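Notes for the one structure printed next.
The values are calculated or read from the model by the stated rules, or taken from the named source; none is laboratory data. Owing to the predicted nature of the structure, the values given are computational and were not obtained by experimental measurement. Cβ placement follows ideal geometry from the backbone for every residue including glycine, while neighbour counts extend to all protein chains displayed.
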Amino acid sequence: MAQRLLCLLLCLALLAGFMPPPASALISLDEERKMGEESFREIMASIPLVDDPDIVDYVRGLAKRLEVHVQDKPFPFRIYVADLGEMNAFAIPGGFIFMFRGMMTTLESEAELAGVLAHEMGHVWRRHLAHRMQKSTPVNIATLAGLLAGVLLGGAVSPALGQAVTMGSVAGGAQKQLAFSREDEQEADWAAFKTITAAGYPPQEMERSFQRIWKIESYMGGNAPIYLRTHPTGPQRMEAMSSMARQWKGKPIHYDNSEFLRIQTRLIALYDPEGEAEKILGNRRLSDPNSPYPLYGLGLLAMRRHRYEASLGFLERLGQLWPDNVYQIRAEGVCRLLMGQNAQAEALLKRALKLKPGDPDTLLALGQAYQRQGRLNDSTEVLRRLLALDTENHAALYELGVSLGRLGQVGEASLYLGLAFKQRHNYRSARYHLNRAVNNLADKPELRAKAEKALEQIDDQARRQRKRQAKEEEQRQGQPALGRGPWRDLSTIPARPSSR
């Protein structure tokens with residue numbers, strides 16, 4: 001879809017006279033917010049997201065710790081992790097920041113991740129994209145938003161932006177226009193330096209990460225990742241970063257990197273292609289036999305492959321390196337649950353919950369353990385507790401619907417099943433269950449209103465899709481050289497299995 005989007009909107013914008021106007025025509029904050037929301041919708045329809053609570057909560061928690069030290073926030077920061085292996089990260093107008101899993105698995109420490117996040121926050125803080133996409137009377141906000149989304153996503157689906165457009169040189173010029181200038185990058189580096197040092201991270205690690213990224217750019221040349229094509233580096237920028245790090249007068253700071261290493265391992269085990277994950281984790285185990293992280297990752301990977309006996313073996317060995325560790329206990333509990341050892345799983349999960357109350361994965365697995373033992377009231381109680389913490393947890397919505405259905409509560413069961421399928425983008429099943437909920441919740445008006453609202457949102461999504469299809473058809477009729485191909489059918493997006 002991103003290729004089609006890029007083709008059509010680049011041509012539309014260029015034909016409309018997309019030229020940089022004077023600085024006085026900077027778009028307003030409200031226009032920037034609207035542009036961001038439009039771009040966000042296009043991006044969310046085009047890329048898969050990491051939905052593992054451990055990973056998402058970790059990245060958002062780090063962002064919150066950094067945000068406290070950002071001097072000026074024109075918008076609240078909203079952080080998402082993209083399930084794509086490219087080394088990429090970007091911010092769009094309105095405070096939306098996307099971190100790709102490929103970037104997280106390339107970095108080597110929490111301080112490096114903090115540096116990249118703070119750098120993207122700096123672009124939002126200084127409104128760089130608003131300056132790059134200044135007002136142009138012939139081009140409206142929606143067009144600019146679509147153009148921005150297409151350029152940012154070009155590298156996520158194609159190794160080169162020019163492959164997506166027949167007018168390669170013109171497309172490259174538009175990308176250059178939208179790419180940050182070296183002055184933008186230096187300003188964002190300065191903002192990131194101020195933010196991470198205030199948060200307690202040594203700037204030398206940010207310097208090392210960007211030096212490594214620059215080496216990748218120098219080595220790969222024109223095939224460099226999209227992050228390097230929209231975030232230009234160079235000797236002057238690198239020297240400026242080195243100078244800031246040398247002149248920093250703060251004391252050497254020690255921070256715990258263990259959670260970053262666990263999250264990075266979890267990301268590799270649960271989201272990288274299985275063969276690549278096995279190779280990476282196996283090599284790490286050989287290079288450092290005493291490290292717990294390769295065992296943790298191999299246990300999760302074996303569970304992902306439904307090799308539960310092998311997983312249990314890794315996790316039991318991990319228990320010797322991680323005694324009384326909540327993540328080892330939880331993983332073993334989930335593994336035993338998947339093996340059908342429900343009572344053992346329940347005991348382990350209760351123990352994990354005492355160590356980390358409110359943990360989403362533990363609550364979900366405990367709710368499933370109760371459900372499989374026929375303790376449906378206990379199951380619904382635990383799952384409701386989880387949904388009070390995370391209203392959009394699709395796995396919890398589904399399991400609660402199953403438990404309520406087995407209790408004979410058809411209307412409420414249909415509501416939660418419908419909401420679960422909506423979260424999974426299975427709109428056909430969502431409509432079926434939500435309509436069933438509306439018909440069976442006459443005595444519960446608040447719950448019925450939730451079902452009706454969800455149906456309205458699905459209808460709105462369908463209208464947006466039809467609008468995009470009509471726009472594509474209109475452009476295809478006027479630009480036959482662009483090629484053909486349908487828009488992505490949202491109803492066919494498969495649901496990602498729950499990651500635990």
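Worth a mention:
- Some residue of the range 385-399 being outside the structural domain of residue 56 (by TED's automatic domain parsing) and more than 21 Å from residue 52 (Cα to Cα): no
- Taking (1) of a type outside the set (Lys, Arg); (2) surrounded by 16 or more Cβ atoms within 10 Å (Cβ to Cβ); (3) at pLDDT 95 or above in turn, residue 407 satisfies each apart from (2).
- Selection from the range 365-404 of residues that are surrounded by fewer than 24 Cβ atoms within 10 Å (Cβ to Cβ), out of contact with any Asp or Glu (no Cβ under 6 Å at 6 or more places or on another chain) and within 18 Å of residue 348 (Cα to Cα): 371, 372, 373, 375, 378
- Only one entry in 418, 408 is at positive phi and small (Gly, Ala, Ser), namely 408.
- Within the range 371-413, the set of residues being assigned to a helix (DSSP H, G or I) and in contact with a Pro (Cβ under 7 Å, 6 or more places away or on another chain) comprises 386, 389.
- Residue among 262, 284, 237 that alone is modelled with pLDDT under 75 and surrounded by 12 or more Cβ atoms within 10 Å (Cβ to Cβ): 237
- When residues of the range 289-331 are limited to those that are basic (Lys, Arg) and surrounded by fewer than 22 Cβ atoms within 10 Å (Cβ to Cβ), the one farthest from residue 271 (Cα to Cα): 317
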